[in-house]
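Encoded as structure tokens, the structure appears first; notes follow it.
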Amino acid sequence: MLNIVLFGPPGAGKGTQSERLIDKYGLVHLSTGDIFRANIKGETDLGILAKSFMDNGQLVPDEVTINMLKAEVLNHRDPKGFIFDGFPRTNAQAAALDELLSEINTSITSMISLDVQEDELRERLANRAKTSGRPDDANPAVIQNRIDVYKNETAPVIDYYSAQNKWIKIDGLGTIQDITNRLFDAIASL
Ligand code: AMP
């Protein structure tokens, strides 16, 4: 199986690039943000809980997020692999993911991070707000919170995968196609 963690700060292009990767490699795309948003839309208990954190740009608690992700992974029979988009966002999530994958006799192949500077992220998210309909894109204070949460709680996940020699850093600036090409090259060299 090819199991990729596509990593990066909010606005780095994880969702856009995930679409390109699933097309090429036939992977199952698991975006925790998308799953939470679907639950908010469906007004499920999980959605109601997640919304209170998401609207402020805070992380949904690990236990809730990990349980949800586990159920999603186990829902797929015989997948070619997974692309994890927006997960793991903490070291506890990364450890839980390793444990889960080992239970199904597989593991993370590589963690690929998209490197984008903060000014550019703020600009991209403000632009995305015009079309995304996401309340967390529309408010500059929430955008800043998400960037800060990334720096404080999520960026350390790089060390987790780096210690396993699984971290690859990709320049996240350029056209969408430029970045896709860099990702394809990185995956081809695995
Ligand atoms: P995203 O769509 O990846 O930008 O995620 C949107 C929001 O969903 C985040 O700001 C968090 O509030 C929540 N979220 C998504 N993934 C996770 C995760 N792995 N852990 C905790 N919260 C998450």
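No value in this document is a laboratory result; all are computed from the given coordinates. Quick caveat, the model's predicted, so the values are computed rather than measured. Positions of Cβ are generated from backbone atoms using ideal geometry, with glycine treated the same way; all protein chains shown enter the neighbour counts.
The set of residues from segment 58-88 being within 13 Å of the ligand (Cβ to nearest atom), of a type outside the set (A, V, I, L, M) and either surrounded by fewer than 20 Cβ atoms within 10 Å (Cβ to Cβ) or in a strand (DSSP E or B) (or both) comprises Gln58, Pro61, Asp62, Glu63, Asn67, Lys70, Glu72, Phe84, Asp85. With respect to the conditions (1) touching an Asp or Glu at 6+ places or on another chain (Cβ under 9 Å); (2) more than 16 Å from Phe7 (Cα to Cα), Asp171 falls short on a single one, namely (2). Pairs are defined by a Cβ separation below 7 Å, a sequence spacing of at least 6 or placement on different chains, a first member in segment 153-181 that is polar (S, T, N, Q), and a second member that is in a helix (DSSP H, G or I); the pairs so defined are Thr180/Gln17; Thr180/Arg20.
Close contacts from segment 41-64, counting a first residue that is in contact (Cβ under 8 Å) with a residue 60 or more places away in the chain and a second that is outside any helix (DSSP H, G or I), with Cβ to Cβ under 9 Å and a gap of 6+ residues or different chains, come to Met54/Val60; Met54/Arg134; Asp55/Asn139; Gly57/Pro10; Gly57/Asn139; Leu59/Arg89; Leu59/Thr90. Confirm whether Ala186 is in a helix (DSSP H, G or I), hydrophobic (A, V, I, L, M, F, W, C), without any contact (Cβ under 8 Å) to a residue 12 or more places away in the chain and surrounded by 14 or more Cβ atoms within 10 Å (Cβ to Cβ). Considered against the rule, which asks whether it is in a helix (DSSP H, G or I), hydrophobic (A, V, I, L, M, F, W, C), without any contact (Cβ under 8 Å) to a residue 12 or more places away in the chain and surrounded by 14 or more Cβ atoms within 10 Å (Cβ to Cβ), Ala186 comes out as no.
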